[in-house]
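Read the structure below first, then the notes.
The values are calculated or read from the model by the stated rules, or taken from the named source; none is laboratory data. Quantities reported herein were computed from a predicted structural model and do not represent experimental measurements. As a convention, Cβ positions derive from the backbone with ideal geometry for all residues, glycine included, and neighbour counts pool all protein chains shown. Protein only, heavy atoms only, side chains kept; ligands, DNA and RNA dropped before computing areas. Shrake-Rupley method; radii C 1.70, N 1.55, O 1.52, S 1.80 Å.
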Amino acid sequence: MATIDLNGVGKTYPGGVQAVRGADLRIGHGEFVVLVGPSGCGKSTLLRMIAGLETITAGTLAIDGSVVNDVPPQDRDIAMVFQNYALYPHMDVRTNMAFGLLRRRKFASRLRALLSPAYASGRTHERAEIDRRVLQAARVLGIEHLLQRKPAALSGGQRQRVAVGRAMVREPKVFLFDEPLSNLDAKLRVEMRAELRMLHRRLGATMIYVTHDQEEAMSLGDRVVVLKDGLIQQAATPRQVYDRPANRFVAEFVGTPTMNMVEGTLEARGTGMVFRGQGIVIEGRVDAWRSLIEPRPRPVVLGIRPEHVQIGGGTGLQATVEAVEHYGDRMDVQLRCGDRSVTARCLPQPLQEGGMVNLTVDLARTHLFEPGNAGLRLGE
Amino acid sequence: MPDGSREGSFLSRFLRLVLLWAAIGLVIWSFGRVGLRTWRNWRDRAEIDKELVVLHWSGEGGPEENAIVEKSLRAFEAAHPGIRVRRLNPGDAGSFYTKLQTMLAAGDPPDLFYVGAERVASFVDMGLLEPLDPYLQADAKAAAPEAIDLAGFFPSTVAAFKHDGTRMGHGTLYGVPKDFTTVGFYYNKDLFRKAGVPFPKDDWTWDQYIAAARAIGTMKDAAGESYVGSEFVTWPMMVRAYLRTEGAEVRGRDFDDLTIESPATQAALDRLRGWRQDETNTLTSGRSKLASGAAAFVTGRVGMAGPFGRWVVPEYRRIRDFDWDYAPLPRGARQANVIATVAWAMSARSENKPEAWQLLRWLVSPDMQAANARLGLALPTIRSVAESDAFLDASQKPSNNRGFLDPAPTAEVVDWPSDPRFEQLLAGNLDRALLVGDQSVAEATRGFLAEWTAEKDSPLAKPGFPAFPWRPVTWVLSLLAAAVVVWMVRMASARREGRAETSEARWGWLLASPWLLGFALFMAFPIVMSLLLSLAKWKGVSTLDTATLVGGGNYLQLLGHDPRFMTSLKVTLYYTLIAVPGGQALALLAAVLMNQKIGGIHFFRAAWYLPSVLAGVGVAVLWRWIFDTDGGLMNMALRPLLGLFGGSPPDWFGKDAATWGAPAFAIMGFWTVGGGMMIYLAGLQAVPEELLEAARIDRLGAFARFFRVTLPMLSPVILFNLIMSIIGSFQVFTQAFVMTGGGPGDLTRFYVLNLYNQAFEFYEMGYASAMAWILLLITLGLTMLTLRGSRGLVHYEGLKR
C-alpha cells in the first residue's frame, strides 16, 4: 500500500507534443483510481509515468512521500498489467508469475552467497516462499491447473488472470493496469471487472487503472479521473462524476446514451425560472440557480440525461418519435423536439415511430453549463 | 477518383506492355544472333568447306595479343578460301583451361589451342593432343613451302613438347612452340647504385647475388625504413631452376627416381631457407614482406625480383620511379637456366585435321612470331626471329635482351610427371620450409615424400578399373525418369470431383511445368550425375565414356589415404570454430547497437550492411593488403597495441599461417556481419516492446532483460543464423582462392578450395564429386547436431502470436 502524489506532472515529447499537462492528483492508501478518457487524452502516458516507463518532463511524482522522478521502474516497487498481458512466451505460467521474484541479487553478492554454507538452505527457503506465493495467487485467480502451460496455450481470459497473478505475487506498493480488459469479449470483460473489484477489496492495495470505457471506469473505481487533451477534467467518485460533472466534456463523456445538450438562455419567471433554446422551453424552480439569474436572459447550455426525459405527462413539451431501440428492460427513444433531436431512456412502452408524444423534463434534475464546448458547470 | 484509377490502370497496362515487348525483343535478339550466324554459314555453304575453332588466351599480352591473333586469322582466311576460323579467348590462362576443359568434356574440342609445357605430360596422358610428327613428315616429303623448319627453332622449346609416354623431351611432338622465355632476376639499378654494388653481369654467381641482396637489405631510406635485398619466388619450377644451377634436382632420370633427399639438393634448399628465414631483409620473408610475386619489385623497395621470365616486362615497363634491368639466373656449381614455353597444339579429336595443320603452320610462322615479339612479352621460338630487331628492340627496357637470349640454347624445360598433383604437393611442402619456415627442409621433404608416395600407391592410381557401366545406368535412370513422368501425367489427368477442380489441377500442372522442367534439368540431373561420378574415376577433360568404375574407391582414398584432404578439413573446421561463434556474437552485438533509437541510425545500419554487398574478389584483394605483415593496416594498428605487452603482430599468411591463417579469414568474415545483423535486427524489432517493459517492471536490469527476455525471444533467429553460418563457413572459397591460393603450404587450403583444385586443376571429377558429397554429409551432420543440441534452448512460442 502506498500513497501517490502527482504535483504538476507533465509530459512533453521531443516533437513538442504535450501528452500530459500539469496533472495534480493525490492517491491515498488502498485507493482504486481509474484514469479514463478518449484515446489520446494522456491517460496511458500518465500511467506509464507513474510506472517509470516514460520520463517525466515537468512536476514531481512521489510514492509514499519520496520523489521518484528519476527512479527506474525496477526500483519503484510497482507491478503493472499490460493491455496485451506481456507474458513471457518462453516461460510457463509458474515461471511467468515467479519471474519478478527471482534473481534479486547482484552478481557479487550471489558469488558471496555461493561460498557461504547457508546459501543452499537459504535458497531452498526462498524457493519455497516463491512457490507458496505463486500457488496462493493461482488459487485466488482459479488458474492452479494452468501453471505448467505456456502462454500460447491459454485463452485470453486465462492470460489476463496470469498477468494479474504475476502482479499479485510481487505484493507491490502499487498495482498499475493499462486497459487490461480491452482485449476480452464483452461478457468476459464484465466478469473480470467484478473479479478485479473483489481482488482490490481482498488485497486492499493501491491500484491505478486506465481505460477508455467510461462504464468500466464507473463500475470499478473508488475514484474516477477524467482526462482530456492531457488535462485532468475531474477527479471524483463515480457518483459525483455522474451526478455533478465538472464540465460539459465530463457530462457528455460519462453516461450512455450521451447527455442531451441544449443551447439556450435562462431567465427568471415568477418565483421560478425558464430555459429556452432550440425550440425547447422548460419551466421550473431550482433554488441553487437563483444566483445565476441575470436581468437579461443568460446564455447557458442545459444538459439533460436521457433517463430524465419522461415520455407522457402534460407540461406541453411536444415531440415526434423518430426511432426506437428496444433493450428488453428499457428502451432508448430518439425524439425530435423543437429544432433538435433528443434522446430519452424509459421503460418499455408501446410507441409508434412517427407518432407524437408529450415530454416532461424536471429542471431540478438537469445540469447547467457555461456556453461553449468546454463550459464549466453552473450552480452549486 | 474513378478517373485517377482508370489512369493508373492505363499506366500499369502500358508498363506491362512495354515489359512484354522488351521480353519478346530479348528472345528474338538472342535467337537472332545464333540464327544470323547459322544463316551466314548456310548462305556461304558453297564457299565454306570447314570451320576451325581456335582457343587461346591473352593474359599479360592483353588486347594487343588479341589483335595480333585476330589479324593473323583473318589473313589466313583470306589466303585459304573455304576455311572459316572462329576465335575464342576466355581471358587469362585460368579461364582458358576451364573453357578448354568444358569443350573437351562436351566432346566439342577446339581444333587448335594453346598448351603450356607444364601441362603436356598430363594432356598426353589423357590422349588429348594430336601427334604432329606425321604432318611434319608429310610436309617434308611434299617439300611444302610453308613447312615448319623445326631446325630453326630453339631446340629446348621443341623438346618441351615431346613426350614418349613417360618422359618429356623424348618421343613424339605434340605442339609447336609459339614463344618462350628463360628466367632470371630483374634488378633495381637505383638501389644497386645507392648500395655501391656493381650491376650483375650475365655470368654472375649466387655469391654475388646474395652479397648484393645483403648490401641492399642493410640500407635504410630517409624515413628509416629498410629496403629488402630480393624477392625470391618459391614456385616449384623456380626452385628446381635454382637447384639445377647447383647441379641438383628433385628427380633423377625420371619421377620414379626421386633425388630430393640427396645431400646436394638438401644443402641447396637449406641455403635458400637460410637466406630467407635466418637473415633480416636479405630476402622478402615473413619479417620483411612488402607484396608478393612480381608486384614487390614495382614498389621500388626491393633490390631484385625473380626468378621471373619475360612475362613481367609489360608490367615493369610502366615503372617510372626508378631504372631497372635484367640479369639471367646466377650460376652456382654450374651455369643453368630453364624455359617456360607455350605451344599451339591440335586436338586429337579435331574433325578437320588437315586444315587445322595448315592453320597451325600459319600461326607459328616467322611473320606471326615477329609480330608477337614486338609485344615484349616473350621470346620468339624461331632463332632467326629472336635474333632480329623484332625482339632485340633497343628502344625499350630491359636493355639486356641478350640476357634472355643467350642462355636459351642451353636452357631446359622443367618437366613434370603426368600426375599434376606432384607439383602441388611439392609446392605445398616446400613452402612450409622456404616460405612459412615452421618446418626444416628435411621435415618438408619427408612430408612431401609421404604425400607423394600415398598418391602413387593409391589404389585409384592403378589401372585396370572396369569402364563405367553407362549403358545400364542410363537405362535404369531413363526408366526411373519415365516412371516419374508417367506418374505426373496421371496425377495431372486424374479425374477429380467436379469440373472446376479438374481444370484447376490441370492448369496447376501446366503452370508449374517450366519450373519442374528446370528442376529436372538443372538440379535433379546434375545431382544424380555427381552421385554417379563420385563412384567413378573420370578426367574432366575427357569424354564421359572414358570414365572407369571405382566404386567406393574415391571415398576410401579421401577418408583413409589423402593427407591433403585431412589438412583441408582441419583448416576448415578451425575456421568454423572461430568464424561461427565470433561472427554470430558480433552480428548480434551490431544488431543491438543498430536497434537503438538515435538520430542517423539508418545511416549506420546501411554503413554496417554495405560490406555485405561488395563484390568478393575485389574485397579479397583489399584484405590481402590489410593483412600484409609489414605495411598492412591490420598490423599497423596491432603493432603499437601489442608492443605495450612486448608482443608483435602475427605474420598472417607467412610463418604464422598455421595459427593465424584461418583466423585471418574469420576476421575478414567479421567485416561482413551485416547480413546476419540485418536478420538479428529484424528479430530484435519483432520482440514486443511490452515484454521488455514488463521485465523492467519485474525489476530486471538491462543485462538481465537482454539475456532472460530478448535472447530467448530471439532464439529461433539465432538458430537459423547459426545453421546458415555453419553451412557458409564450409563454403569459404573466393577469399582463399584470391588471397592465398591455399598457401602457404596448404595452411589455408579450405575444403571447397581443395575441391576446386581437384576438379579444375587436376580434372579429377570423380574425386571432386566424392568430396562434394562428403561436404554435404558433414554440413548435414553439423546441422542435425545443432538442431538436436538446441532443443530446449530455442523458444518458438514468441513467434506464434
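Residues of segment B:106-140 that are part of a helix (DSSP H, G or I) and crowded, with 19+ Cβ neighbours inside 10 Å: B:A117, B:E118, B:R119, B:V120, B:A121, B:S122, B:F123, B:V124, B:Y135.
The number of residues in segment B:33-82 being in a loop (DSSP other than H, G, I, E, B), open to solvent by 100 Å² or more (accessible area, probe 1.4 Å) and touching a helix residue (DSSP H, G or I) at 6+ places or on another chain (Cβ under 7 Å) comes to 0.
Among the numbered conditions (1) touching a His at 6+ places or on another chain (Cβ under 8 Å); (2) surrounded by fewer than 18 Cβ atoms within 10 Å (Cβ to Cβ), the only one that A:Q240 does not meet is (1). Among the residues of segment B:200-221, those that are in contact (Cβ under 8 Å) with a residue 12 or more places away in the chain, surrounded by fewer than 23 Cβ atoms within 10 Å (Cβ to Cβ) and either among the basic types (K, R) or closer than 15 Å to B:R331 by Cβ (or both) comprise B:K201, B:D202, B:D203, B:W204, B:T205, B:W206, B:Q208, B:I210, B:A211, B:R214. For residues that are hydroxyl-bearing (S, T, Y) and part of a helix (DSSP H, G or I), scanning just segment B:207-249, find the one that is nearest to B:G300 (Cα to Cα). The selected residue is B:Y209. Identification of helices (runs of 4 or more DSSP H) wholly contained in segment B:469-537 with 2 or more residues that are in contact (Cβ under 8 Å) with a residue 40 or more places away in the chain, under 24 Å from B:T548 (Cβ atoms) and open to solvent by less than 100 Å² (accessible area, probe 1.4 Å) yields B:470-493, B:525-533.
Here B:D628 clears all of (1) open to solvent by less than 20 Å² (accessible area, probe 1.4 Å); (2) within 14 Å of chain A (Cβ to nearest Cβ); (3) among the acidic types (D, E) except the condition numbered (2).
Look through segment B:426-451, keep the residues that are small (G, A, S) and closer than 21 Å to B:V414 by Cβ, and return whichever of them is most open to solvent (accessible area, probe 1.4 Å). Top of the filtered list is B:A427. What do you reckon, is B:S418 in contact (Cβ under 8 Å) with a residue 24 or more places away in the chain, of a type in the set (G, A, S) and in contact with an Asp or Glu (Cβ under 7 Å, 6 or more places away or on another chain)? For B:S418, the condition - in contact (Cβ under 8 Å) with a residue 24 or more places away in the chain, of a type in the set (G, A, S) and in contact with an Asp or Glu (Cβ under 7 Å, 6 or more places away or on another chain) - is met. When we screen B:G683, B:G661, B:G675 for residues that are away from chain A (no Cβ under 14 Å), closer than 29 Å to B:V794 by Cα and part of a helix (DSSP H, G or I), the only hit is B:G675.
Applying the condition of being crowded, with 16+ Cβ neighbours inside 10 Å and in contact (Cβ under 8 Å) with a residue 60 or more places away in the chain to segment A:293-312 and asking which residue is nearest to the chain's Cα centre (by Cα) yields A:R305. Looking only at segment A:313-365, how many residues end up being farther than 19 Å from A:V301 by Cβ, touching a residue at least 40 places away in the same chain (Cβ under 8 Å) and acidic (D, E)? Within segment A:313-365, residues that are farther than 19 Å from A:V301 by Cβ, touching a residue at least 40 places away in the same chain (Cβ under 8 Å) and acidic (D, E) number 1. The residues listed here are B:G171, B:G165, B:G229, B:G224; of these, the one that is of a type outside the set (F, W, Y) and crowded, with 21+ Cβ neighbours inside 10 Å is B:G229. Of the listed requirements (1) out of contact with any Pro (no Cβ under 8 Å at 6 or more places or on another chain); (2) surrounded by fewer than 22 Cβ atoms within 10 Å (Cβ to Cβ); (3) farther than 29 Å from B:G632 by Cα, B:L269 misses just one: (2).
Within segment B:706-765, the only residue that satisfies the criterion of being open to solvent by 20 Å² or more (accessible area, probe 1.4 Å), part of a loop (DSSP other than H, G, I, E, B) and either more than 24 Å from B:A664 (Cβ to Cβ) or hydroxyl-bearing (S, T, Y) (or both) is B:T740. Within segment B:691-703, the set of residues being in a helix (DSSP H, G or I) and open to solvent by 40 Å² or more (accessible area, probe 1.4 Å) comprises B:L692, B:R696, B:A702, B:F703.
Scanning segment B:625-658 for residues that are of a type in the set (A, V, I, L, M, F, W, C) and either assigned to a helix (DSSP H, G or I) or in contact with an Asp or Glu (Cβ under 7 Å, 6 or more places away or on another chain) (or both) turns up B:W625, B:I626, B:L633, B:M634, B:M636, B:A637, B:L638, B:L641, B:L642, B:A657, B:A658. Number of residues in segment B:388-407 that are open to solvent by less than 10 Å² (accessible area, probe 1.4 Å), not in a loop (DSSP other than H, G, I, E, B) and not small (G, A, S): the value is 2.
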